[in-house]
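**Student:** This is the structure, below, for whatever I ask next.
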Amino acid sequence: MTIVNNAAADGFIQRLPKEVCFYLVHGQDEGLAHERVKTIVRNLIGRDPDPLQLVRLEGDAVAREPGGLADEAYAVPMFGGARAIWIDAQGRDLLPALEPLFARPPTDCTIVVKAGQLKKGTGLRAAVEGSPIGVSIECYSDDRDALASLIDSEASAAGLSIAPDARAALVALIGADRQTTRGEISKLMLYARGKSLITAEDVEAIVSDAAPSHLDVLIDQALLGDPPAVEASAMRFFHEGGDPDHLMMRLVQRLTLLHRLRLEMDQGRSFDAACQALFVKMPTSARRALAKQAERWTSESIAQRLPAVRQASARVRSEARLAGVLATRALWRLASRSRSPQR
């Protein structure tokens with residue numbers, strides 16, 4: 001049994017044990033979980049693997065046909081070599097599909113599951129942590145020390161240094177999600193290119209008061225119920241080379257966060273108190289938009305829509321030629337339905 005805590009995870013992933021067949025990457029920071037799964041898969045089968053070496057499955061599909069996972073795991077590749085199966089759990093119960101594999105582990109095939117926050121000692125987490133060839137990796141929002149280290153590392157890679165007050169200001173604005181954190185740091189590094197030192201003024205200019213990205217604007221418009229704006233913004237986003245897969249992943253993350261906030265608010269907490277309870281950190285403009293979305297949507301209405309959005313995300317990933325159309329349709333449907341969130 002191996003349980004890797006959040007602080008030790010990145011170092012562990014760089015030195016993966018050869019005997020491990022099952023990785024469960026889970027926790028409240030979905031962006032960090034996604035980043036760590038990508039790194040695990042890359043370290044297992046290489047940065048640019050043959051398409052036959054990597055299979056990506058959605059939790060919905062695995063839960064519907066549990067036997068299909070074993071068929072895939074035991075398949076013998078035509079040209080040999082190590083393989084990996086990446087499963088996005090999506091809140092589904094994957095234990096029935098994985099139990100036969102625990103009993104008879106596949107050869108030269110590693111199963112990597114990305115999941116949300118899982119209670120210790122129950123279900124899939126208990127099964128993986130109880131297996132001698134399983135590893136459970138926790139993914140929680142970066143603390144202040146981890147954020148400061150990440151900022152310094154990214155600044156050094158960009159040939160920059162950052163003033164202590166600038167670092168402190170940046171740490172106060174980021175950290176709720178690793179993917180969003182990296183995006184904000186990257187924007188700051190790009191903004192400071194040509195300088196030697198990043199100042200607090202730079203942080204204020206590009207992070208706290210920066211206009212949201214086209215992607216964030218598009219998601220905000222969908223969740224605030226503006227179909228015409230969604231259509232126009234989607235055309236602009238894809239015309240400028242926007243990635244449909246990334247868009248849908250961010251949309252799922254936003255809806256998941258909104259659902260968790262609404263559940264906290266259903267317990268009588270205010271929006272600000274719910275954000276504090278979930279350690280939500282974001283620029284003022286983004287927080288303001290999220291507050292409006294929390295007013296329009298209920299936890300029940302989000303729970304009704306989220307499975308369809310996840311299915312759309314899976315189709316975007318598997319049907320590249322129609323990805324832009326499918327993503328736009330999913331956003332437009334959310335925008336249309338969000339006008340009546342109480343239904």
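The values are calculated or read from the model by the stated rules, or taken from the named source; none is laboratory data. This is a predicted model, so every value here is computed, not measured. Reconstructed Cβ throughout: ideal geometry from the backbone, glycine too, with neighbour counts over all protein chains shown. These area figures cover heavy atoms from the full protein model, side chains too; ligands, DNA and RNA do not enter into them. Shrake-Rupley method; radii C 1.70, N 1.55, O 1.52, S 1.80 Å.
**Student:** What helices (runs of 4 or more DSSP H) lie completely within the range 111-208 and have 3 or more residues being hydrophobic (A, V, I, L, M, F, W, C) and without any contact (Cβ under 8 Å) to a residue 40 or more places away in the chain?
**Tutor:** On the way: elements: 123-129, 144-157, 164-173, 178-191, 200-203.
Hits in the range 111-208: 144-157, 164-173, 178-191.
**Student:** Any residue at all in the range 256-270 that is in contact with a Leu (Cβ under 6 Å, 6 or more places away or on another chain), touching a residue at least 12 places away in the same chain (Cβ under 8 Å) and either open to solvent by less than 40 Å² (accessible area, probe 1.4 Å) or of a type in the set (Gly, Ala, Ser) (or both)?
**Tutor:** no
**Student:** Sticking with this one: Give 328, 284 a once-over and let me know the one that is among the hydroxyl-bearing types (Ser, Thr, Tyr) and in contact with a Ser or Thr (Cβ under 9 Å, 6 or more places away or on another chain). Lay out the reasoning, then the answer.
**Tutor:** On the way: 328 fails: in contact with a Ser or Thr (Cβ under 9 Å, 6 or more places away or on another chain).
When all the criteria are applied, what remains is 284.
**Student:** To continue, here is another question. When you scan the range 319-334, do you find a residue that is among the acidic types (Asp, Glu), modelled with pLDDT of 90 or more, surrounded by fewer than 19 Cβ atoms within 10 Å (Cβ to Cβ) and within 29 Å of residue 64 (Cα to Cα), even just one?
**Tutor:** No, there is no match, as no residue in the range 319-334 is among the acidic types (Asp, Glu), modelled with pLDDT of 90 or more, surrounded by fewer than 19 Cβ atoms within 10 Å (Cβ to Cβ) and within 29 Å of residue 64 (Cα to Cα).
**Student:** Among the helices (runs of 4 or more DSSP H) lying completely within the range 265-343, list those that include at least 2 residues that are under 27 Å from residue 59 (Cα atoms) and of a type in the set (Lys, Arg). Steps first, please.
**Tutor:** Numbers: elements: 271-277, 284-296, 299-318, 323-337.
In the range 265-343, the matching helices (runs of 4 or more DSSP H) lie at 299-318, 323-337.
**Student:** Let me ask you something else. Kindly indicate whether any position in the range 295-304 is within 25 Å of residue 184 (Cα to Cα) and open to solvent by less than 40 Å² (accessible area, probe 1.4 Å). Explain how you work it out, then say what you get.
**Tutor:** Looking only at the range 295-304, we keep the residues that are within 25 Å of residue 184 (Cα to Cα), and these are none.
So far as the range 295-304 goes, no, none of its residues is within 25 Å of residue 184 (Cα to Cα) and open to solvent by less than 40 Å² (accessible area, probe 1.4 Å).
**Student:** Confirm whether residue 202 is out of contact with any Ser or Thr (no Cβ under 7 Å at 6 or more places or on another chain), surrounded by fewer than 16 Cβ atoms within 10 Å (Cβ to Cβ) and at pLDDT below 90. Working first, answer last.
**Tutor:** Working: out of contact with any Ser or Thr (no Cβ under 7 Å at 6 or more places or on another chain): yes; surrounded by fewer than 16 Cβ atoms within 10 Å (Cβ to Cβ): no; at pLDDT below 90: yes.
No: the conditions fail for residue 202.
**Student:** Mind listing whichever residues of the range 161-185 are in contact with a Lys or Arg (Cβ under 7 Å, 6 or more places away or on another chain) and open to solvent by less than 20 Å² (accessible area, probe 1.4 Å)?
**Tutor:** In the first step, residues of the range 161-185 are kept if they are in contact with a Lys or Arg (Cβ under 7 Å, 6 or more places away or on another chain); the result is 171, 173-176.
Within the range 161-185, 171, 174, 175 qualify.
**Student:** Cβ-Cβ under 8 Å, sequence separation 6+ or interchain: first residue in the range 89-102 and under 11 Å from residue 113 (Cβ atoms), partner open to solvent by less than 40 Å² (accessible area, probe 1.4 Å) and at pLDDT below 90. Which pairs?
**Tutor:** Hits for this filter: 89/116; 90/60; 92/60.
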